[in-house]
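I have placed the structure first, in the form of structure tokens, so that the comments after it can refer back to it.
All of the numbers you see were taken from the coordinates with simple rules; none came from a lab. Because the structure is predicted, anything quoted here is derived from the model rather than measured. Because the Cβ atoms are built from the backbone with ideal geometry, glycine has one as well, and the counts that use them run over all protein chains shown.
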Amino acid sequence: MSSQGKHVVFDVVGTCVSYDAIFDALDTRLGERLRAECIKPKLLGYTWFEAAEREYTYLSISNRYMRFYDVFASLFYRMLWMAGIEEPRKFATDDDLAYILEKFMDLKARPGVAECFQTLRDAGFTCWAFTAGDVKRVRGYFTKNGIDMPEENFLSCDSLKIGKPAPESYQPLLRQLDGDEVWFAAAHMWDVSAAKSVGFKGAYCTVWEKEPCTDLFGDMDVMEDTFPEMAKQIIAASGNGKDKISSKFKLYCLPNNLYNAVRNMTSSSQCNRGPVSDPVASFWNATPRKLDEYRSSQQLPSNADVVIVGSGLAGISTAYHILQNNPEAPFIVLLESRKVCSGATGRNGGHVKPDTYFNVPKYTKLYGPKAAAELAAFESSHVFAMKDLVERESLDCDFHLTRAVDVYLDPEHARQTEEAYQELVKAGVVNLHDVAFTTKRDAERISGVKGAQCCFSFTAAHLWPSKMVHGLLEKLLQKGLQLHTNTPVASVSTTPDSQGLWTVNTPRGSIKTPKVVYATNGYTAGILPEYTNVIVPVRGIASHIESPKGKSAPHLVNTYGIRFDSRNNDYLIPRADGSIVVGGARQRFWHNRDRWFGNIRDDELVDEATSYFDGYMQRHFRGWEDSGAEVKQVWTGIMGYSSDFMPHIGGIPEKPGQFIIAGFSGHGMPEILLCSKAVAAMVRDGVPFENSGLPSMFKTTAQRIASESSPLEESLRPLWETKIKAKLS
């Protein structure tokens, strides 16, 4: 045992720190009123915490994870009602709640905790803190109580987006400490029991619950009434009992039926960040295709020159550029968690619409005028790069070169945008030769959109995205690429082996490779946890609208962006068959954060937004009033939003041979193709990012990954905190 590390992972809230400050705050603020209703403040506080833990867990297992603190705060008035208060919001106020929650920041350490930590450390143990709270707040408990706990020894369910007691929440730390002796200590018996079930040794302190209820949870390795005694017993028991079973062994030694259940739970959610099974069918993917569930071989190859994760446009076009005109083509294995092109590429609007002017002022402030101009030019070049690819490879994907028209319906927003545009014209930094501006006088007639206050137009395109991907994929398979669908990547080794090879682990086996490309967009953090909160899954909604008149319906020549105000906008493409694809509907659900932000549920609709598309064409477009146009299909899809608005492209810091192409923030069609060409050059020829031709702010860096600031969330916070609703619905 001398070479084996020893660790104790502690639960924090309720274990290391007590709830007494909350109970005291309840008594101070509401005590007299509660006792007048025969309600004990402490009992109310206890049931409040217990109910919050239940709802927190239910939200997590239903893939709607929320911070425990937010769940706890939300339940306040409900708990008063459950306790017998007929009018909770008259009995107490938001000021009362704010006072109580403020005391959540001042939880005191339980007696003997500091001594417990020191005793364990003196005996050679490393102490860790694992919490369902946010790390900043929980670290504050230790700091305020004078207890040493290094920052790197904190782990939170918030970073995993999955709550205790789900087995997957405990496994990352267990895997990290694989091979060592690892204990889990808590004052919640359910917590210790769950940790023990996945491979920890269990240490339980009765300081909170008093009764261990071993008839329900089983016996733990150590059970004591005080923390100092628990530490002594852990030390005494160290090295005794059964050898530790690593989390990997626990998973792969399950019977097949249980293994598949656990695999589905872990791979489909990837700690609530990976693709779910059975997504809602999109218009683009409603008809089955021969490569949907294609596997090049019954068994996974054990080695590959390159492994690409993800079969959307980013993954497929990266493979295409690696193999294009390559006399020494590497052996590429492409892994897809579900069917081919079942993620964002197969669920978007099919709109190749560069941002030629709208966000240029914002990016100028963030990155400077030169970088903003570089980005606008880069996006504009994609329209013709896409056209060249379609024509060069003879891809049947309904590609149409056209103009996009941005229409502004809010007078104030139109005025602000026009002023910003005129400033860009004066500055002369950005090439605006392709942008045409139309004032209110002619905007409705030119655009065909009712109530248009102004509009802009510029070159764009639209296509059938999954047809493009399938067409390219057929050609790549002929060049030797191996495709394996329904093969989710569970993990990639944290370090390369002695030969410099990474191990890519899937339920069907592992692949050794010197190079891995993550084309995983909104699902990136599921296998690259360092990108948690850096690339956030965001759920969107789109629809397919048809008129019974078919090709005789009013024809729209252009694609559209319809901007209702500064936050809410829809996008639209007209199809040659007379039908329309429309996406957006933010007005209906963006005020409710958990319905879309950090949400990977494309297996369900956003119910409150589905009816938004009814009568859409008649409502907004001149000449469509008698078209009979109606919604035929609605679907959802998961995008990957970058915390600083820029995609992450290039070599992953501290992981030589690993590359990322992800985080396109719902704007991938005018960015991905040339990004993939650059990534292919990095993978194939070792081209440094700086020579790749990509905008400099696209480069993924340690600084960007580690940054605690999120301009994305800062821009959205007013919407969530004040429950603002759009003026137009």
Given backbone amide H placed at 1.01 Å from N, residues whose amide H is under 5 Å from that of VAL17, ignoring those fewer than 5 places away on the same chain, are ARG110
How big is the charge dipole of segment 333-473 about its Cα centre, in debye rounded to the nearest 20, if each Lys and Arg gets +1 on its Cβ and each Asp and Glu gets -1 on its Cβ?
220
Quick one: which residues, 5 or more positions from LEU483 or on another chain, have an amide H under 5 Å from its amide H? H modelled 1.01 Å from N in the peptide plane, none for Pro or chain starts.
SER296, LEU334
Only one of the listed values, (i) 222; (ii) 241; (iii) 179, was derived from the coordinates as volume of the Cα convex hull per residue in Å³; which label is it?
(iii)
Packing-based exposure ordering (other Cβ within 10 Å, fewest first) of GLU53, GLU412
GLU412, GLU53
What GluC sites (Glu not before Pro) in segment 621-659 are in a loop by DSSP, with at most 10 other Cβ atoms within 10 Å of the Cβ?
GLU654
DSSP loop chymotrypsin sites (Phe, Trp or Tyr not before Pro) in segment 292-374 with at most 14 other Cβ atoms within 10 Å of their Cβ, which ones?
PHE331
Rounded to the nearest 0.05, what FRET efficiency do LEU216 and GLU690 give with R0 = 60 Å and r taken as the Cβ-Cβ distance? Could you check?
0.50
Determine the calculated [θ] at 222 nm for the chain from helices alone, applying -39500 (n - 2.57) to every DSSP H run no shorter than 4 residues and normalising by the residue count; nearest 500 deg cm²/dmol.
-11000 deg cm²/dmol
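Just rank TYR612, TYR99, fewest to most, by other beta-carbon atoms within 10 angstrom.
Working: TYR612 22, TYR99 15.
Least to most surrounded, the residues fall as TYR99, TYR612.
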Show me, for segment 93-102, the HN-Hα J-couplings you get by feeding each phi into the Karplus relation (A = 6.51, B = -1.76, C = 1.60, θ = phi - 60°), rounded to Hz, glycine and proline as x.
10, 5, 5, 4, 4, 4, 4, 5, 5, 4
Is there a pair in LYS440/LYS632; LYS362/LYS515; LYS479/LYS677; LYS339/LYS475 whose C-alpha atoms are over 26 Å apart, and which pairs would that be?
LYS440/LYS632; LYS362/LYS515
Considering the dipole of segment 20-106 built from charges on the beta carbon (Lys and Arg +1, Asp and Glu -1) around the Cα centre, which of ILE22, PHE72, MET82 is farthest to its positive end?
MET82
Most exposed to least, judged by fewest other Cβ atoms within 10 Å, ARG289, ARG347 sort to ARG289, ARG347
Which aspartates and glutamates have a Cα less than 16 Å from the Cα of LYS196, not counting those fewer than 8 places away in the same chain?
ASP11, GLU168, ASP178, ASP180, GLU181, ASP215, ASP219, ASP221, ASP243
Considering only the chain, percent of DSSP beta bridges that pair antiparallel, nearest 5
55
Base-10 log of normalised Debye intensity for segment 90-145 (one unit scatterer per alpha-carbon) at q = 0.13, 0.25 Å⁻¹
-0.48, -1.08
Span per principal axis, largest first, for the Cα atoms of segment 20-106 (Å):
40, 29, 20
In the structure shown, of LYS655/LYS699; LYS42/LYS144; LYS6/LYS210; LYS370/LYS699, the pairs separated by more than 18 angstrom at the C-alpha atoms are LYS42/LYS144; LYS6/LYS210
With +1 assigned to the C-beta of every Lys and Arg and -1 to the C-beta of every Asp and Glu, and no other charges, what is the dipole magnitude of segment 20-106 about the Cα centre in debye, to the nearest 20?
240
In this structure, among LYS353/LYS467; LYS161/LYS365; LYS387/LYS467; LYS40/LYS103, pairs with alpha-carbon gaps over 23 Å are LYS161/LYS365
